[in-house]
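Asker: Below you'll find the structure I mean.
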Amino acid sequence: MRSQWDCLLQNLGEWRGSFTRLSPQGEVLEDIPTVVSLEGLNNDQTIRQIIRRFQPSEVEEKVLEYSSLGRGILLFENGAFSQGSIQWGPSAEFGAELGFIESNQRLRLVQLFNRDSQLDRLTLIREHLAGTNPLERPPLTLDQLLGKWQGEAVTVYPDARNPTSYSTTLQLHCEDGTRLVQQLTFSMGESARTITSAAKINGNILHFEQGSQPVQVLLLANGASATSPLQVKPRQAFFLEAGWLIQPDLRQRMIRSYSEQGEWLSLTLVTERKVTT
């Protein structure tokens, strides 16, 4: 297995793209061209990161250097990662970034909550390596997600215990064109657990309203999706999720899970393929 630092090195390079700021309803508020470069120094023992944002009137530049990883970040072997708050608490800003990498492309999603613990804004970041051609996928639609998906999940933990692997099955179908029914099964060895839930369909937003903490899914540009609670509530476990439809039959989802006490528990990457429509 690669070390966490070696996983980070999968992201080295000059990444060109844009930061697209979105409202909690997925409306585009701002789109800023960007160049993010990550360079290995001292035999890759140090990383220099330069972020350039090309505003209409100026170029903003931020330079970071680091030789160790913070407590809020975890990575997978292919370089996919999530960084963000390790603890939710009332009256404090809170959020996380979830990032995928596929060949010469990255897709990153930032979800931020305000001091009232309400979903406040999102940023969708689409990037490709300099010198390669960007592949712009169409906006994600519900029709693309319907069907049966079989996947493999890997969960990593902030306390550095060994990762957990298990199989998943996700089935999505529509009822009356207004309601989405989702059935998710986790299988590990001889045991299996199934969770069934339903959502109201409202354009590019899916509203999961059962339970005590409503969750919404935004279907976004470039095959992306964002799953968030509308408001984080005390003494209730919750999760943040991002998805990326890489190919019509290949999707990845990343889930950052928190406990009832607001403590960051784990990070899961699911790679799933559509087996039936």
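The values are calculated or read from the model by the stated rules, or taken from the named source; none is laboratory data. This one's a predicted model, so the numbers in the text were calculated from it and none came from an experiment. Every residue, glycine as well, gets a Cβ built from its backbone with ideal geometry; the counts of neighbours run over all protein chains shown.
Asker: Tell me, which strands (runs of 3 or more DSSP E) lie completely within the stretch 106-218 with 2 or more residues that are small (G, A, S), within 19 Å of L250 (Cβ to Cβ) and in contact with a strand residue (DSSP E or B) (Cβ under 9 Å, 6 or more places away or on another chain)?
Answerer: 147-156, 164-175
Asker: Sort through A226, A221 and tell me the only one that's buried (at least 21 other Cβ atoms within 10 Å of the Cβ), within 17 Å of the chain's Cα centre (by Cα) and closer than 16 Å to F100 by Cβ.
Answerer: Step by step, each of A226, A221 is checked, and only A226 is buried (at least 21 other Cβ atoms within 10 Å of the Cβ), within 17 Å of the chain's Cα centre (by Cα) and closer than 16 Å to F100 by Cβ.
Asker: Let me ask something else. Being farther than 20 Å from L124 by Cβ, polar (S, T, N, Q) and within 24 Å of the chain's Cα centre (by Cα) is the filter here; which residues of the stretch 38-69 pass it?
Answerer: Residue satisfying the conditions is S68 alone.
So that you can scan it fast, the table gives a plain yes or no per residue for (1) over 18 Å from the mean Cα position of the chain (by Cα); (2) under 18 Å from E102 (Cα atoms):
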{"site": "R235", "(1), (2)": "yes, no"}
{"site": "F239", "(1), (2)": "no, no"}
{"site": "G243", "(1), (2)": "no, yes"}
{"site": "Q247", "(1), (2)": "no, yes"}
{"site": "Q252", "(1), (2)": "no, yes"}
{"site": "Y258", "(1), (2)": "no, no"}
{"site": "T268", "(1), (2)": "no, yes"}
{"site": "E272", "(1), (2)": "no, yes"}
{"site": "V275", "(1), (2)": "yes, no"}
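Asker: Looking only at residues that are touching a residue at least 40 places away in the same chain (Cβ under 8 Å) and not in a strand (DSSP E or B) in the stretch 237-277, which one is farthest from Y166 (Cα to Cα)?
Answerer: Ranking the qualifying residues of the stretch 237-277, first place goes to G262.
Asker: Picking from I125, I86, which residue would you name as being of a type in the set (A, V, I, L, M, F, W, C) and within 15 Å of the chain's Cα centre (by Cα)?
Answerer: I125
Quick grid of which residues meet (1) of a type in the set (S, T, N, Q); (2) in contact with a Leu (Cβ under 8 Å, 6 or more places away or on another chain):
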{"position": "T178", "(1), (2)": "yes, no"}
{"position": "Q183", "(1), (2)": "yes, yes"}
{"position": "A226", "(1), (2)": "no, yes"}
{"position": "F239", "(1), (2)": "no, no"}
{"position": "L245", "(1), (2)": "no, yes"}
{"position": "Q252", "(1), (2)": "yes, yes"}
{"position": "S266", "(1), (2)": "yes, no"}
{"position": "V275", "(1), (2)": "no, no"}
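Asker: Also, quick follow-up: Please enumerate the residues belonging to the stretch 1-57 that are buried (at least 17 other Cβ atoms within 10 Å of the Cβ) and part of a loop (DSSP other than H, G, I, E, B).
Answerer: Hits for the stretch 1-57 are P24, G26.
Asker: Just to be sure I understand, how many residues within the stretch 108-142 are of a type in the set (A, V, I, L, M) and either under 14 Å from L219 (Cα atoms) or modelled with pLDDT under 95 (or both)?
Answerer: 6
Asker: Can you name every residue in the stretch 171-197 that is within 21 Å of the chain's Cα centre (by Cα) and farther than 20 Å from S266 by Cα?
Answerer: Result: Q171, L172, Q182, Q183, S197.
Asker: Please find, among F113, F94, F100, the residue that is among the hydrophobic types (A, V, I, L, M, F, W, C), farther than 22 Å from Q213 by Cβ and buried (at least 20 other Cβ atoms within 10 Å of the Cβ).
Answerer: F100
Asker: Let me spell it out: the conditions are (1) touching a Ser or Thr at 6+ places or on another chain (Cβ under 8 Å); (2) modelled with pLDDT of 95 or more, and P90 meets all of them except one. Which number is the exception?
Answerer: (2)
Asker: Follow-up. Search the stretch 135-156 for residues that are in contact (Cβ under 8 Å) with a residue 24 or more places away in the chain and basic (K, R) and pair each with any residue that is surrounded by fewer than 16 Cβ atoms within 10 Å (Cβ to Cβ) and part of a strand (DSSP E or B) when their beta-carbon atoms are under 6 Å apart and the residues are at least 6 apart or on different chains.
Answerer: K148/V275; K148/T276
Asker: So in the stretch 90-127, with the set limited to residues that are among the aromatic types (F, W, Y) and out of contact with any Asp or Glu (no Cβ under 8 Å at 6 or more places or on another chain), which one is farthest from S37 (Cα to Cα)?
Answerer: F94
Asker: Next up: So which residues in the stretch 69-87 are in contact (Cβ under 8 Å) with a residue 24 or more places away in the chain, surrounded by fewer than 21 Cβ atoms within 10 Å (Cβ to Cβ) and not in a strand (DSSP E or B)?
Answerer: Result: L69, R71, G72, E77, N78, G79, S85, I86.
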